[in-house]
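Read the structure below first, then the notes.
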Amino acid sequence: MRAEASPPEAAAFESYLLVILSALLCALISVVVIVAVVRCTWLLRGTGAGSSYRQALANKGLKKKVLQSLPKFAYVDSDPSKWVATPECAICLEEFTAGDDIRVLPHCRHGFHVGCIDAWLESHSSCPSCREVLAVARC
């Protein structure tokens, strides 16, 4: 006995179906890639006309988990090995006194009262003194 072969119409239909499914898969992959490129371009361009990428980052604020991971210590005397020693908080303009909790920003090493800098970093991602951006968003 001879094995039955599928009729030519069925083989043609299966090949057309395979071509159509391949084209749909390629279209789906292309759309995903285009969306990713557009999103990345939008993030790099910033939110407004004329604003730079770093300025856009500086106005977004930090997440609570990142904020709590920043180092802090009790102010005793200025210890230049831990931070850039200043006599006062640049946010509230009050002088540091013994026992004050000081939070130090890792990139620029500026120190501030914990309450002052936490309130600032909820809406900004930069140091209030030097504007160094603390967090960098990724595409």
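What do you reckon, how do PHE73, PHE112, PHE13 stack up by accessible area (1.4 Å probe), largest on top?
Of PHE73, PHE112, PHE13, the descending order of accessible area is PHE13, PHE73, PHE112.
In whole percent, how big is the carbon plus sulfur part of the accessible area of region 89-139, probe 1.4 Å, protein atoms only? Kindly include the intermediate steps, with their values, before the conclusion.
Details: 1240 of 2580 Å².
About 48 percent, which is the carbon plus sulfur part of the accessible surface.
List the residues whose amide H sits under 5 Å from the amide H of HIS110, counting only those 5 or more places along or on another chain, with H placed 1.01 Å from N in the peptide plane.
Counting only residues 5 or more places away or on other chains, the set is VAL84, LEU105.
Per-residue HN-Hα couplings for region 89-95, Karplus 6.51 cos²θ - 1.76 cosθ + 1.60 at θ = phi - 60°, whole Hz, x for Gly and Pro?
With the stated coefficients, region 89-95 comes to 6, 6, 8, 8, 6, 8, 6 Hz.
The values are calculated or read from the model by the stated rules, or taken from the named source; none is laboratory data. This structure is a prediction, so every number in the text was calculated from the model and none was measured. Only protein heavy atoms, including side chains, enter the accessible area calculation; ligands, DNA and RNA are left aside. Shrake-Rupley method; radii C 1.70, N 1.55, O 1.52, S 1.80 Å.
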